[in-house]
Amino acid sequence: MTKLTRRQLVLIGALFSLTDATMSVQAQMAAFARQHLWLVYVIAFLALLVPLWMLSRVSARFPGRDLFQALVERSPFTGRVLIFLYILYFLWIAARDVRLTGDFFNIALLKRTPVGVIAAINILAAVSLVRPAGIGVLARSSEIYGTVLFLIIPLVFIALFKDMDVSYLMPLFEIDPVGVLHGVWVMTAYMGDIIGIAFLVSEGVFRFRDGVLALGLATSGLLVISMLSVLTLSVPVMSAMTFPLYEMVRQIRITDFLDRFELPVLAVWATAIICKIGYSLYLICLGCKRLMPGLPGQRMVFPAALLIFACSFWFFENAVDMINMNLTMPLAEYLFQFVLPAVLFLTLWPKRESRG
Amino acid sequence: MIARDLALFLLAIAAGLAADWRRWRKRSHFWFACAVYAVAFAIWAYHVKAHAAFHPVSELHRLLDVWLPFGDHNILGED
């Protein structure tokens, strides 16, 4: 079993939280929270600290075991039911990411390539990362692409500095609390995917500090690029676009020969989201392994990947539904991100050793 | 089109089974993997054969949208 280093875990957590929160949800959030997007991130960050802390406490009660193992060990039947539910949750995340990426590339870049082909290539790339060595290759890939992705953010800031207009932030103090809370509703569900890192730690203990660092890194990255988008595009334009952050990056012209700066940025982002699909795929296989003792998780990679592929098309009728579901699906996602971690925190204790 | 999509999916299943063919220690594990393949194929076949039929997340959205106070908002924002 591969042991994750702290740096790898933090980067995995940050990518888990950040990668697909840069998509269409940004436009909805801008429509709700207007120029006060920063407030959405602050509230989402504080809210997500709660489940991360609860899961870190549960992990500390079962050192050397992952949360799936702890569930089965503590209560074989109920534990397996909960594992099955979390497998469905990670299946949902992976299917959503595959379809989101497929639709995005189909709309923005590869207009003549069918979504199915793009989705199949993404899935195949995730399989090739997970199948050979489980989380090991995936973690090392995250170290490379996660680092590059987070280095690009200040670069984008520098490149767009001249295009910023502070007047887009006005009126600064007229905060619409209801709008901000609507923004929090849609954004927290995306950032809440970070709870997956608590299930990834198989050796040692998932530490709250690592979770805070990962969430802090993702939140600050998202905050910077969202506010950059507001400052360069303005709220009305941003909320009318399908992929506002992509449109913002398209504005960058560094030199005459590098006038398509969005392509290297997209290349790094695409690899990062493939890593994220890989985390979900790995967690599905790990869940199956814990459901059926002795089942080799490595051999579940292909079947799980095909299931993700099929579900990514079956779940959503069209690309518009992918955007609409951002409003309603948090209702289901919060069950896994807040309610179930609270249930685990309150109920999952190690068995008492009998004395004498 | 339908036959091509189904055949490609079956080809992917065959490739997956061939890649893991000799490594199964327990028969029950192999059948578990086959069951997952079967579910994936059933979903794919349903999707390919009945394009405008039931899509769980889309239907769930329609069901829950009525209850959300901000359900009318969409990607276009407010006029």
Free of Cβ contacts under 8 Å to residues at least 24 places away in the same chain and surrounded by fewer than 20 Cβ atoms within 10 Å (Cβ to Cβ): which single residue out of A:324, A:318 fits that description?
A:318
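Given the criterion modelled with pLDDT of 85 or more, within 24 Å of residue A:316 (Cβ to Cβ) and either touching a Pro at 6+ places or on another chain (Cβ under 8 Å) or loosely packed, with under 12 Cβ neighbours inside 10 Å (or both), identify the matching residue among B:40, B:52.
Every option except B:40 fails the conditions.
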Exactly one of A:144, A:153 is in contact with a helix residue (DSSP H, G or I) (Cβ under 6 Å, 6 or more places away or on another chain) and part of a helix (DSSP H, G or I), and that residue is A:153
Inside region A:1-66, counting only helices (runs of 4 or more DSSP H) that do not spill past its ends, which hold 1 or more residues that are at negative phi, over 17 Å from the mean Cα position of the chain (by Cα) and within 14 Å of chain B (Cβ to nearest Cβ)?
A:25-33, A:37-61
For residues that are assigned to a loop (DSSP other than H, G, I, E, B) and of a type outside the set (D, E, K, R), scanning just region A:294-344, find the one that is nearest to residue A:94 (Cα to Cα).
A:315
Could you count how many residues in region B:55-79 are part of a loop (DSSP other than H, G, I, E, B) and at pLDDT below 85?
14
Counting only residues in region A:231-275 that are assigned to a loop (DSSP other than H, G, I, E, B) and within 14 Å of chain B (Cβ to nearest Cβ), the one nearest to residue A:157 (Cα to Cα) is identified as A:234
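Matching residues to (1) at pLDDT below 90; (2) in contact with a Ser or Thr (Cβ under 9 Å, 6 or more places away or on another chain); (3) under 26 Å from residue B:55 (Cβ atoms); (4) not in a helix (DSSP H, G or I):
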position: A:82; (1), (2), (3), (4): no, yes, no, no
position: A:100; (1), (2), (3), (4): no, yes, yes, no
position: A:117; (1), (2), (3), (4): no, no, yes, no
position: A:122; (1), (2), (3), (4): no, yes, yes, no
position: A:160; (1), (2), (3), (4): yes, yes, no, no
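The values are calculated or read from the model by the stated rules, or taken from the named source; none is laboratory data. Since this is a predicted model, take the numbers as computed values, not measurements. Cβ sites come from the backbone with ideal geometry, for glycine too, and all protein chains shown count toward neighbours.
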